[in-house]
Structures are given as structure tokens and as C-alpha cells.
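Take a look at the structure set out below.
The values are calculated or read from the model by the stated rules, or taken from the named source; none is laboratory data. Bear in mind that the values here come from a model prediction, so they are computed numbers and not experimental data. Here Cβ is always computed from backbone atoms with ideal geometry, including for glycine, and neighbour counts include all displayed protein chains.
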Amino acid sequence: MNPKKITIAALLTASAIIIPFVVFLKVIIPPFTATLGSHAPMFIAMVLGPEIAVMVGLGSALGFLLNLGPLVGARAFMHVFVGLLGAHLIKKDVSFGKVVLITAPIHGILEGLIVMPFIGIDVYNLIIITVVGTILHHFADGFIAQIVIRILEKLPVE
């Protein structure tokens, strides 16, 4: 991995760790939480490759663990798997938009599985609040990441 890619990976990981602490646009409907922009580093990392996506996912889990506790940290740990899948799809020339669509239900289901032992099979809190909430949050942050990626693509490369 070249130094530029390592630097970008470090910045994305640092962003994933710090976002839970600095972003105040949060929706909290237990067991669901949504911090606007928190998935953006994961999405951007997907474009850079699987290793970076995993590293950023781990950073996200750490940030949420430290800021919102073990349950939210465990949910954020799912970013490792969603990012890894997305990065592999992008490597296979699947468009970014399709990657967001494909990974959304997987992301929602994984987070639902994380909260299920704590809330049981409560259809409303499990499926409507957590799974659907995560999918909607995923789409919103995918849109944010798409804008950031387009801006970054227009920057001059040295």
C-alpha cells in the first residue's frame, strides 16, 4: 500500500472514531441510534479497497463503543462486514449506487441480529425501528458519501 493510501485510510479511520463524539445530529430511539454521516467513512473506504474498509469499520466500532457503549459499538462493528462486502463489489466493477443498494438490507439485518438478544423478537423495535432505521440511515449516509467522493474525484492528483 502506498503512503498516500495509508494516509487516507488513517484519516478515514480517525473520522470514523471521532464522528460519534462530534456530530450532534443524532436520532435515538432505543435500541436504534443514528448519527448523521457516521457511515460516510465506511462508504468512502469501500472505494479504496477491502483492507481500508475493514480498518475504518474497526475505527467506527471503537468510536461508538467509547461514546455510546457496548451495544452501539457492537452494531457499529457490523461496518466491518458491510464495508468489506461493498469493497469487494466495487472491485468487481459494481457501481457505487448499486453497492449502497445491495449492502443496505444486509447492514440492517446485521444490526437487527446484534440487538435481538437484548430486546427479543419484538417486531416493532427489531424490524421497524432497528432494521428499517438502519437501512434509511445507510441510504442517507450513502448519499453524503457519494457527494464527498464526487468532490474528491475532481481534486487535482499530484
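What to note about this one:
- Some residue of region 45-62 being under 18 Å from G133 (Cβ atoms) and aliphatic (A, V, I, L, M): no
- Condition check for G86: of a type in the set (G, A, S) and either touching a Leu at 6+ places or on another chain (Cβ under 8 Å) or surrounded by fewer than 17 Cβ atoms within 10 Å (Cβ to Cβ) (or both): no
- When the helices (runs of 4 or more DSSP H) confined to region 1-117 are screened for residues that are over 16 Å from the mean Cα position of the chain (by Cα) and closer than 17 Å to D141 by Cβ, none reaches at least 3 such residues.
- Checking H138 against (1) surrounded by 14 or more Cβ atoms within 10 Å (Cβ to Cβ); (2) more than 11 Å from the chain's Cα centre (by Cα); (3) touching a residue at least 60 places away in the same chain (Cβ under 8 Å), the condition it does not meet: (2)
- Residue that is surrounded by the fewest Cβ atoms within 10 Å (Cβ to Cβ) [pool: residues in region 108-124 that are within 16 Å of A74 (Cβ to Cβ) and either of a type in the set (D, E, K, R) or touching a residue at least 40 places away in the same chain (Cβ under 8 Å) (or both)]: F118
- Looking only at residues in region 1-60 that are of a type in the set (K, R) and farther than 22 Å from A74 by Cβ, the one that is surrounded by the fewest Cβ atoms within 10 Å (Cβ to Cβ) is K4.
- Checked against (1) over 18 Å from A40 (Cβ atoms); (2) part of a helix (DSSP H, G or I); (3) at pLDDT below 90; (4) not acidic (D, E), V157 passes all but condition (2).
- Residue check for G97: modelled with pLDDT of 95 or more, among the small types (G, A, S) and exposed (fewer than 15 other Cβ atoms within 10 Å of the Cβ): yes
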